[in-house]
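Report on one structure; see the data block that follows.
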Amino acid sequence: MVRNELKIGTALSMMTIIVSSIIQIVYTPLYMRYLGPADYGINSLVQSIMGYISILNLGLGNTMLRYTTRYRAEGKLEEENSLNGMFLIIFSILMTIAFAIGGYIYFNIGNFFGTRFTLEELEKTKAVFLILALNVVISFPMGIFSTNITSKEKFIYQRGVKLATVILNPIVGALLMINGFGLIAVTISTVFFAFISYIFDMIYAFKLGMKIKFSRFDNSILKEIFIYSFFIFLNVLIDQIYWGTDRVIIGKYVGVQGIAIYSVGAIFNTLYMGFSSAVSGVLFPRINRLIAENKQTEVDEMFLKVGRLQYILLGLISSGFILFGKDFIILWVGKDYTEAYNIALWIMIPLTVPLIQSTGVSIMQAKNMHQFRSIVYFIIAILNLILSIIFVKKIGVIGCAVATGLSFILGQILVMNIYYKVSVKLDIVRFWKNILKMSIPIGLVMIFGFVLNKYLNEVNYFNFLIKISIYTVLYATLLWFMALNTYEKSQIYILKKKK
């Protein structure tokens, strides 16, 4: 049953990512057309600010998952119930703090962005902030139910609800925009779907037998939890600096139009990360078990296996975007956003390495070895922040992307690969031998892609579809004969039989 949950959960994750990618590609031009680039920029900016408020959960979601899984494996049901109560109290306190911080930010939006925003843009920003802040604040205590469901590996339910939300939310949003409703109404509809999912999670968690007790709290465990959570919190903070601060800096020094251009480029990297996490995101409970059973060989094999699978997909996306991404942006949102192509490339190419090694993060967390990564990433994130401000002032919007890309190369590629080999004891040499071997057919097919661009150089939908179709078929053919191993081919055969 667990195996079926994992397989179906992974399939639903992939389906969610594919559907959300298609919807986002369709939804963004609609957003630009009916609401305008300014509203698009405002929404992107506020979403980034919400990310900072969200990190107040201190990484306690993963911590709760870790200890809940441990107690259940040891048969300590009373301790598990008390743990639920402890986390509900902690998250309620954090909710109160988040509310206070949100209030402070709300009353100071004008002071921070006033020089680059019009009065109307400031008023809209404050209204959208207020609505989304309400959602974030409520998400703190409600998160314990989702975590409890995850600990029981009920991936079919969770991925199913997420897929339904991904489909319904933009449909309702599009209908509101087309019928003349503005940014505020679209934002309210987004929060409405979030509330519905919270209620579903709470009902389902109790149906699965979740109990909450406010007694028998173990102070030593509480201390251990916060020590463990601190470094996960640091990781979340770093991610927010990487992915959220850029829009704030651009809003401060450029304005909402700059945010809109940067956000178009960032969409591709968000989708890119989503495809990578579809497999690794459901593996954390299993990795925890393997490490608890001291099965390092199986952990190492999983790191390589998942990395190869991710690279098969990410290699197609990244190489295809290098070749045909600019054409796509012109056809998608127009020539005014061609700068988004370079923004996306500066982040996408170095980002590929940490994405195909994303299982390593789960391995470190399960081994309680994520502290070093957190410290390194924090240092690199501060460097990224400083460089972003300097570069934006000198070269404009793309400066943030350049700073982020350079930071990835230094921290997430060079330093972390050394740490994986020396301390985590993963076979990094073997990993890179596999990746380099797989890169040979990708390089060959890219050469052919450059030839396609030379002869089909007019930007139109027909040429674009012809080029990506030929490229995808050739990519799959070369990888099949030159890169895929027996296991990977067997998985494709299984998919064919299911059809």
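Within the stretch 5-62, being modelled with pLDDT of 85 or more, among the β-branched types (Val, Ile, Thr) and touching a Gly at 6+ places or on another chain (Cβ under 8 Å) holds for Ile49, Ile53.
Among helices (runs of 4 or more DSSP H) entirely within the stretch 1-114, having at least 3 residues that are assigned by TED's automatic domain parsing to the domain that holds Ala174 and closer than 25 Å to Val172 by Cα singles out 2-34, 37-54.
Condition check ((1) at pLDDT below 85; (2) more than 30 Å from Leu452 (Cα to Cα); (3) buried (at least 19 other Cβ atoms within 10 Å of the Cβ); (4) among the hydroxyl-bearing types (Ser, Thr, Tyr)) across all residues:
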site: Ser263; (1), (2), (3), (4): no, no, yes, yes
site: Phe268; (1), (2), (3), (4): no, no, yes, no
site: Val299; (1), (2), (3), (4): yes, yes, yes, no
site: Phe328; (1), (2), (3), (4): no, no, no, no
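If Leu45 satisfies every condition in (1) more than 30 Å from Asp336 (Cβ to Cβ); (2) buried (at least 18 other Cβ atoms within 10 Å of the Cβ); (3) under 24 Å from the mean Cα position of the chain (by Cα) but one, which is the exception? Answer for Leu45: the failing condition is (1). Looking only at residues in the stretch 389-400 that are touching a helix residue (DSSP H, G or I) at 6+ places or on another chain (Cβ under 6 Å) and closer than 16 Å to Ala344 by Cβ, the one that is surrounded by the most Cβ atoms within 10 Å (Cβ to Cβ) is Cys400.
Residue-by-condition table, conditions (1) in contact with a Leu (Cβ under 8 Å, 6 or more places away or on another chain); (2) in a helix (DSSP H, G or I):
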residue	(1), (2)
Phe431	yes, yes
Val451	no, yes
Glu458	no, no
Ile466	yes, yes
Ile470	yes, yes
Trp480	no, yes
Tyr487	no, yes
Ser490	no, yes
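Listed conditions (1) more than 25 Å from Gly307 (Cβ to Cβ); (2) under 31 Å from the mean Cα position of the chain (by Cα); (3) surrounded by 12 or more Cβ atoms within 10 Å (Cβ to Cβ) are all met by Leu456, apart from (2).
Of the numbered criteria (1) surrounded by fewer than 21 Cβ atoms within 10 Å (Cβ to Cβ); (2) at pLDDT 70 or above, the one Arg247 fails is (1).
Does at least one position in the stretch 110-118 carry a residue that is more than 24 Å from the chain's Cα centre (by Cα), under 25 Å from Ile238 (Cα atoms) and either crowded, with 18+ Cβ neighbours inside 10 Å or of a type in the set (Lys, Arg) (or both)? Yes, the stretch 110-118 contains at least one residue that is more than 24 Å from the chain's Cα centre (by Cα), under 25 Å from Ile238 (Cα atoms) and either crowded, with 18+ Cβ neighbours inside 10 Å or of a type in the set (Lys, Arg) (or both).
The values are calculated or read from the model by the stated rules, or taken from the named source; none is laboratory data. Computed from a predicted structure; not experimentally measured. Reconstructed Cβ throughout: ideal geometry from the backbone, glycine too, with neighbour counts over all protein chains shown.
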